[in-house]
Amino acid sequence: MPQLKQSAKRLRQSVKRAAVNKKVKDGIDYLSRQLKKKLELSELDKAKELSLQLAKAIDKAEEKHVYHKNNAARKKSRMMKKINALSTKK
């Protein structure tokens, strides 16, 4: 337990922020799992819709500083690479 008032406040703030960040990351993880399922089933139309939602969620997380800008760009790049690979297969 922190000894100083400011340390106690910082601890409270970090716990709150961690909870908010976890909720955002969980939402992104859920969307990415859904996208992975659609890609495995080769449902290209639904996968493209989900990719737009996922890209938007990643961008919002980047704006809120949940993800670093390079991390967000890497996630979006890998997602689009998979979708493009599936669309060129057909």
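Remarks
- Degrees between helix 5-40 axis and first principal axis of the chain (Cα, 0 to 90, nearest 10): 10 degrees
- Label-point separation in nm, SER14 to ASN71, each point 7 Å along Cα→Cβ: 1.6 nm
- Tilt relative to the chain, helix 44-63 - C-alpha long axis, 0 to 90 degrees, to 10: 20 degrees
- Taking Cα atoms only, the orientation of helix 69-89 departs from the longest principal axis of the chain by about 20 degrees.
- Summing Cβ point charges (Lys, Arg +1; Asp, Glu -1) relative to the Cα centre of the stretch 5-89 gives a dipole of roughly 560 debye.
- Alpha-carbon gyration tensor eigenvalues x 5, square-rooted, for the stretch 5-89, Å: 33, 12, 8
- With the simple spin-label model, which puts each label point 7 Å out from Cα in the Cβ direction, the LYS23 to ASP45 separation comes to 3.4 nm.
No lab work stands behind these numbers, since they all come straight from the coordinates. Remember, predicted model here, so these are calculated numbers, not experimental data. Neighbour counts run over all protein chains shown; Cβ positions are idealised from the backbone, glycine included.
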